[in-house]
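All remarks here apply to the structure that follows.
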Amino acid sequence: MSFKDHFSGHAGDYAKYRPAYPDALFAYLASIVPVRELAWDCGTGNGQAAVGLAKHFARVVATDPSRQQITNAILHARVQYGVASDVAVDLPAGSVDLVTAAQAAHWFDLPAFYGEVARVLKPHGAIAIWCYGLSAVCHDVDRLVAHYYRDVVGPYWPPERRYIDECYATLAFPFAEELVRDLQMEQRWNLQDFVGYLHTWSATKAFQRAQGHDPLAALAPQLAEAWGAPADVRTVRWPIHLRIGR
């Protein structure tokens, strides 16, 4: 199976340090469909969205092309994980109430994926895709992270990253689109958690491979000064950019 794999090599860290989606997001998604029998979470990664959906749907099929991601996925009795691409899923036509892609659709072969969505969705089903961009902590931390994102590892982001910078507004979405609620993620993290998250960035890993050293090493002293005591717990926020269609 050929796919753009930016995360398998650090699937364990990805599972540990990626922010969690809020329960309000999944309650909202459950409210937009009349029946909640089956959801398909495509590009599930470590299953964060799938487990959130399982609180509201009788069954969730969660697929990812990376076997390493599936191996590190969060187990749940109502989530069935599988290794599969975004263009073919082993589900009957007209069987799915909700299709989701969390921080993943910009990697997909979108025309083929949308064709598969149209095949598996029920007549009154819906598709929801979303992404989140840069974190917000405080002015000093945010300034350092923006510099790191843009000027240090900026050249190492894959080209698809621009869709996240554009809040998914420019991503093709050939569905009858609905207005959506404003939502955000929040985590209470110490400095180690936050640096662990920065290490999961695909651009951080690409810089390391190309340059042979950790790009966060130079940032660490400034980040520590801006953060305060390493054990200090701060609120980290990310806006969610959500699109819903039918």
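Points to keep in mind about this one:
- Potential extension, A210-A118 segment - 0.36 nm per residue separation minus Cα distance: 29.1 nm
- Relative exposure of V96, V153, judged by other C-beta atoms within 10 Å (fewest first): V153, V96
- Alpha-carbon centroids, segment 204-243 and segment 172-190: separation in whole Å: 23 Å
- Which of H106, H76, A128, positive extreme of dipole for segment 37-135 (C-beta unit charges): H76
- Farthest toward the positive end of the dipole of the chain, out of F175, S95, G154, is the Cα of S95, where the dipole comes from beta carbon charges about the Cα centre.
- FRET E, pair A146, A58, Förster distance 41 Å, beta-carbon r, rounded to 0.05: 0.45
- Label separation (R181 vs E225): 4.2 nm, computed from points 7 Å beyond Cα along the C-beta direction.
- Once the Cα-Cα distance is subtracted from the 0.36 nm per residue extended length, the L134 to D90 segment shows a gain of 12.4 nm.
- Rounded to 10°, Cα long-axis angle of helix 110-120 versus longest principal axis of the chain: 40 degrees
- Placing a pseudo-label 7 Å from each Cα along the Cα-to-Cβ vector at Q192 and A217 gives an inter-label distance of 2.1 nm.
- When the chain is reduced to its Cα atoms, the Kirkwood hydrodynamic radius in Å: 18.7 Å
- Dipole magnitude of the chain, debye to nearest 20 (Cβ charges: Lys/Arg +1, Asp/Glu -1, about Cα centre): 320 debye
- Net length available on complete extension from R36 to E166 is 43.7 nm, with 0.36 nm assigned per residue and the Cα-Cα distance removed.
- Restriction of the GluC sites (Glu not before Pro) in segment 70-170 to DSSP coil positions whose beta-carbon has at most 15 other beta-carbons within 10 angstrom yields E166.
Every read-out reported here was derived from the displayed coordinates using simple, explicitly stated rules and does not represent laboratory data. Note that this is a predicted model, so its numbers are computed, not measured. Cβ: placed from backbone, ideal geometry, glycine included. Neighbour counts: every protein chain shown.
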